[in-house]
Amino acid sequence: MVETIVDEAPGLSVRRRWLVLVICASALFLVGLDTTIVTVGLSHIGAGLGAEPGSLSWVVDAYTVVFASLLITSGALADRFGRRRVFQTGLVVFGAASLLCAAAGDLPVLIAGRALQGIGASMLSPVALAIVVNAMPDPKERAQAIGVWGAMFGLSMAAGPVVGGALITAFDWRAVFWVNAPVVLLALVLVAALVPESRGRRIRRIDLPGQLLLIVVLGLAVALLIEAPGLGWTSPVVLAGFGVLAVLVWVFVWVESRRREPLIDPGLFRVPSFTGAILGAVAVFVAFSMTLLMTTLFLQDAQGWAPLAAGAATLPMAFGATVFAPVSGFMVGRTGPQLPLLLAGTLILAGGLCLITLTGGMNVPALLMAYLLIGTGIGFANAPITNTAVSGLPPERAGVAGGTASTARQLGTAIGIALAGTLIAGVSPDRFAAASLPGWIIITACGGLLLAVGTLTRHREAAPA
């Protein structure tokens, strides 16, 4: 282990501490925004690049898979080499990748740019949070900052379709990537001027074998979900792919269980509360991403709505996710994680039931209610999932547990996008309602799974030290 400096610029003024939060939260907003901003533009991207509908899921998942795979390693690199330095590197990579996406002339180049964006994003999200925590030593002030942080991420994810719809309507699909450039440039200037350098007390070793295996496992799993419908679920290639995936998962667990400092510690999954939290995180973001992609495609391709109108329809989801995230954090602090988890599961389940009614034809009130219920459920879910993941574990394992929970959220997003694309890729407008039914059922089942996690969670969990 390497012991190093915690804070190289202590004693920041109150004003500067909150400016650091604003800068880091702005970068987080970009990360979340680029997870969802392209959802309303997939049809336009496909038409503009002459791409097959079945391959468009990669425009979203190339970003989320790489992002999910590198989160933990990027955090470890920041603790070792300096959080501000890695944060600045992430901004440069993210900005350059955004320009590549905006200028892409074909789908492979766009997908490569999105993967590069994922690399940059992995250096922003966990690193920015560590910078904020380091800059705010007072526990009360830090708790307030983390509440703002959680609300910002929920807002960015839910606001993506609205922003994307407005940009596509005013310009074209390339604008959803051009818009990142000025934000990144401004952030780089402000980071250099205001953000202090810091490093971790305890530097984790870089688990290169685990990192490479995780990228291959997640990438192969998502690739099978995206490509299997076109190839055929029982085709030799797909069956062989699932066989290879099973072997790679076993190898990953075997390798990680023998590493002194594994990327993801398999032993954590022997703690029931942790396993439940990870399953809950995956379920929440499967429901979120499937709802977002399937409904925006339904509104545009089957109902003929403009991108701006389809994006604006998701505003109830943004409202619910943003407003109830801090409420959930307050509830977790007062009563523990069980009640907000139960509320989250109930709300997502109810939202899924509202979506099922769309199989009988367009129902705008039911759709808007589904958005509000699912968005509110997501708002209630994040704080108790993180709390449950780290509760009952020694403090020195809390960072790995929290990083694994963040990875699970992005994995859920990738799986949800792949499943949604599997169900509705290439479906004609008149068949969309029938083809979407399995997706609405999956979303409802995700709410049921979260309810089960909440039921098995103890009413009160001590907050981690």
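The values are calculated or read from the model by the stated rules, or taken from the named source; none is laboratory data. Given the structure is predicted, the values throughout are model-derived calculations rather than measurements. Cβ placement follows ideal geometry from the backbone for every residue including glycine, while neighbour counts extend to all protein chains displayed. Heads up: the accessible areas ignore ligands, DNA and RNA and are worked out on the full protein's heavy atoms, side chains in. Shrake-Rupley method; radii C 1.70, N 1.55, O 1.52, S 1.80 Å.
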Check: C-alpha center segment 204-272 vs C-alpha center segment 434-459, spacing in Å is 24 Å
Only helices counted: for the chain, with every DSSP H run of 4 or more residues adding -39500 (n - 2.57) and the sum spread over all residues, [θ] at 222 nm is -26000 deg cm²/dmol
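How high is the FRET efficiency from Thr169 to Ile441, r the C-beta distance, R0 35 Å, rounded to 0.05? Before the final figure, lay out the partial values.
Values: r = 32 Å, r/R0 = 0.93.
It comes out at approximately 0.60.
Which of the three applies to segment 166-245, rounded, prolate or oblate, going by the alpha-carbon gyration tensor with a ≥ b ≥ c and a/c under 1.5 meaning rounded? Could the numbers behind the result be given before it?
Working: a/c = 6.43, a/b = 1.37, b/c = 4.71.
Note, shape of segment 166-245 comes out oblate.
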Thr73: accessible area at probe 1.4 Å, nearest 10 Å²? 20 Å²
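In whole percent, and with a 1.4 Å probe on the protein chains, what portion of the accessible area of the chain is carbon and sulfur?
Values: 12770 of 17990 Å².
Carbon plus sulfur share of accessible area: 71 percent.
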Need one number: nm distance between label points at Asn363 and Arg259, each 7 Å from Cα along Cα→Cβ, rounded to one decimal. 4.7 nm
Spin-label pair Ala96/Arg15, simplified geometry with 7 Å Cα→Cβ offset, distance in nm: 3.6 nm
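Keeping every protein chain present and rolling a 1.4 Å probe, give me the accessible area per residue for the chain in Å². Each step should come with its number before you reach the end.
Working: 17990 Å² over 465 residues.
Value returned for the chain: 39 Å² of accessible area per residue.
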Relative contact order of the chain, defined on C-alpha pairs under 8 angstrom at six or more residues apart (%): 23 percent
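List the relative contact order of segment 33-123 as a percent without decimals, with contacts defined as Cα pairs under 8 Å and 6+ residues apart. Show your work: numbers first, answer last.
On the way: 100 pairs, mean separation 32.4, N = 91.
Result for segment 33-123 is 36 percent.
Suppose every Lys and Arg Cβ carries +1 and every Asp and Glu Cβ carries -1, with no other charges. What dipole size does segment 187-333 come out with about its Cα centre, to the nearest 20 debye? Don't jump to the answer; show the numbers that get you there.
Working: 9 positive and 7 negative charges, 144 e Å.
Approximately 700 debye in magnitude.
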With a 1.4 Å probe and every protein chain left in place, tell me how much accessible area Val60 has, in Å² to the nearest 10. 0 Å²
With unit charges on the beta carbon (Lys/Arg positive, Asp/Glu negative), name the residue among Gly329, Leu239, Leu70 whose Cα is farthest towards the positive pole of the charge dipole of the chain. Gly329
For Phe330 and Leu188, calculate 0.36 nm times their separation in residues minus their Cα-Cα distance, and state this gained length in nm to one decimal. 47.8 nm
Net charge over other residues, Cβ less than 9 angstrom from the Cβ of Gly48 (K, R count +1; D, E count -1): 0
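Take Val65, Val247, Val179 and sort them by solvent-accessible surface of the protein heavy atoms, 1.4 Å probe, largest at the top.
Numbers: Val65 15, Val247 85, Val179 55 Å².
Of Val65, Val247, Val179, the descending order of accessible area is Val247, Val179, Val65.
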Theoretical gain in end-to-end length, Val249 to Ala112 [0.36 nm per residue, Cα-Cα removed]: 46.8 nm
Taking Leu456, Leu220, Leu99 and ranking on accessible area (1.4 Å, protein atoms only), highest first, one gets Leu456, Leu99, Leu220
Please check the chain for the longest run free of chymotrypsin sites (Phe, Trp or Tyr not before Pro) that are loop-located per DSSP (anything but H, G, I, E, B) and have at most 12 other Cβ atoms within 10 Å. 234-465
Along the dipole axis of the chain (charges at Cβ: +1 for Lys and Arg, -1 for Asp and Glu; origin at the Cα centre), the most positive-end residue among Gly421, Ala281, Trp18 is Trp18
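Heavy atoms only, probe 1.4 angstrom, no DNA, RNA or ligands counted: give me Ile378, Ile415 ranked by accessible area, highest first. Can you show the working numbers first?
Details: Ile378 10, Ile415 45 Å².
Reading off the accessible areas and sorting them downward yields Ile415, Ile378.
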Got a sec to turn the phi values of segment 366-377 into Karplus ³J(HN,Hα) couplings, 6.51 cos²θ - 1.76 cosθ + 1.60 with θ = phi - 60°, whole Hz, x for Gly and Pro? 5, 5, 5, 5, 4, 4, 5, 5, 5, x, 5, x
